[in-house]
Amino acid sequence: MSNNKKHSSHSHHNHGDMDHSKHDHNEMEHHGGHHDHHAGHDHSGHGGHDHHHHGDFKEIFLKSLPMGIIIMILSPMMGISLPFQFTFQYSDILVVLLSTILYIYGGKPFYMGAIDEFKEKAPGMMALVTLGISVSYFYSVYAVIAKYVTGEHVMDFFFEFSSLILIMLLGHWIEMKAVGEAGDAQKALAELVPKDAHVVLEDDSIETRPVADLQVGDLIRVQAGENVPADGTIQRGESRVNEALLTGESKPIEKNPGDEVIGGSTNGDGVLYVEIQQTGDKSFISQVQTLISQAQSQPSRAENLAQKVAGWLFYIAVIVALIALVIWMIIADVPTAVIFTVTTLVIACPHALGLAIPLVTARSTSLGASRGLLVKDREALELTTNADVMVLDKTGTLTTGEFKVLDVELFNDKYTKDEIVALLAGIEGGSSHPIAQSIISYAEQQGIRPVSFDSIDVISGAGVEG
């Protein structure tokens, strides 16, 4: 099978039929999500504060929580006192101090994100969140100052301000966690390659060496059941090698001296002596890792659209908020007008838009990957909704790749069904071929004892006789 085919098959539908492949893929995907969230969305909030990993959001949220709760207890919501709220003399001064700390500390990821968005002339979600928290904060500070300076009672928005910041921080923490959780696709692939290799020295003794120190031309020994440490050619030994995770071919492939093996594939029950041909960046696994990282950095069309809509939403929200301000100033008074303005800006935060699309993309790539489907180009995923014909190649694409005997049909009445199965299981006893193994395990399940043969010959390319 040509290398080109391996690549294409890998990129589109890597059917890892083995459990560990599922696990590894499961890790891949998600990361996909993470990146794309940043790159794709670049709602620069995230693009801009890429360093604000969900760990940071978690920390900021947990540190902001006590301040936010105290503010909510000490300041009435919309001017309505709730049963858990109380105030005392100068409690509003305490609220202003706490809110200032909360605004500077808790609001930082949002206004830093907003600055990045404005630098790129693409205000989006971060700009909206910043607008909502800033308007409510500054107006509330003004309200408290007015109360002490002029004595008039102006309603403040500290309750709304602190709850908004806490909800946004929580939302981002959950989002980062969901998108970033599954770890890194490249790392998952790298874990397939063992850390150490057994190098055969001149005098046939074995030295264990880190894979990173392997040189092209080294001879290594791969024990039964181990993963192959690097791409190479078999010098001696025969075995079956499972390359499902790398090529999508689910049945273990027979390997003899002179055949190539790929780093990361799993050796079956024979011992192989392999001469290293490729190491490091040139190896098959590295090339696939590069492919994945490129795929992850490409945003999908839906995300680009979400980003555009968030941008339009920013302008629409600001215009609508200003209209509300003017109209309510005419109908009622300034405090009422500001309430409606702030409410408009707060409600306009497009969190659903910012969260939903990347999460759905991450989740769908994740579900696909856990079933052995690696998405190379996320736009392709969106285009599949319009597909009406699907063409598949390779065995194991739609099957598990495990052979089973489904039915035994007799063409004459010299033997009973059980006798035929006993004969077949006996003659296949010496073979490690997957189909032979399936016949043997069928006999075991039926409780049929294989017939023992005196001599069995394997006829190359034709079958067995005994």
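Every number in this text was worked out from the coordinates using simple rules, so none of it is lab data. If you're wondering where the values come from, they're calculated on a predicted model, not measured in any experiment. When we count neighbours, we look across all protein chains shown, and the Cβ atoms used for this are built from the backbone with ideal geometry, even at glycine.
The table below gives the values:
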item: Flagged links, alpha-carbon separation over 18 Å, of Lys63/Lys119; Lys251/Lys282; Lys58/Lys108; result: Lys63/Lys119; Lys251/Lys282
item: Dmax and Rg, reported as Rg then Dmax, of the range 193-281 (C-alpha, Å); result: 11.8, 38
item: Long-range HN-HN contacts of Ile253 with modeled amide H, under 5 Å; result: Val241, Asn242, Glu243
item: Under 15 Å, Cβ to Cβ, from Asp196 - net charge with Lys/Arg +1 and Asp/Glu -1; result: -2
item: Net lengthening on full extension, Asp196/Ile316 (0.36 nm per residue, minus Cα-Cα); result: 37.3 nm
item: Amide proton proximity set for Asp259, modelled H, under 5 Å, gap of 5+; result: Ile234
item: Neighbourhood charge, 14 Å Cβ-Cβ cut-off, centred on Gly270 and excluding it, Lys, Arg +1 and Asp, Glu -1; result: -1
item: Extension reserve of the Leu82-Phe118 stretch, reckoned as 0.36 nm per residue once the Cα distance is removed; result: 9.1 nm
item: Burial ordering of Lys251, Lys308, fewest other beta-carbon atoms within 10 Å first; result: Lys308, Lys251
item: Projected area averaged over orientations for the range 417-465, convex hull of C-alpha atoms, nm²; result: 3.3
item: Fewest-first ranking of Thr385, Thr247, using other Cβ atoms within 10 Å as the exposure measure; result: Thr385, Thr247
item: Environment charge of Val129, counting only residues whose C-beta is closer than 12 Å and scoring Lys/Arg +1, Asp/Glu -1; result: 0
item: Karplus-derived HN-Hα couplings along the range 251-268 (A = 6.51, B = -1.76, C = 1.60, θ = phi - 60°), whole Hz, x at Gly and Pro; result: 8, x, 9, 5, 10, 10, x, x, 7, 8, 10, 9, x, x, 7, 9, 6, x
item: Residue exposure sequence - Phe138, Phe84 - by fewest surrounding Cβ within 10 Å; result: Phe84, Phe138
item: The range 420-459 residues near the modelled Glu254 label - backbone nitrogen below 17 Å, point 7 Å along Cα→Cβ; result: 427-440, 456-459
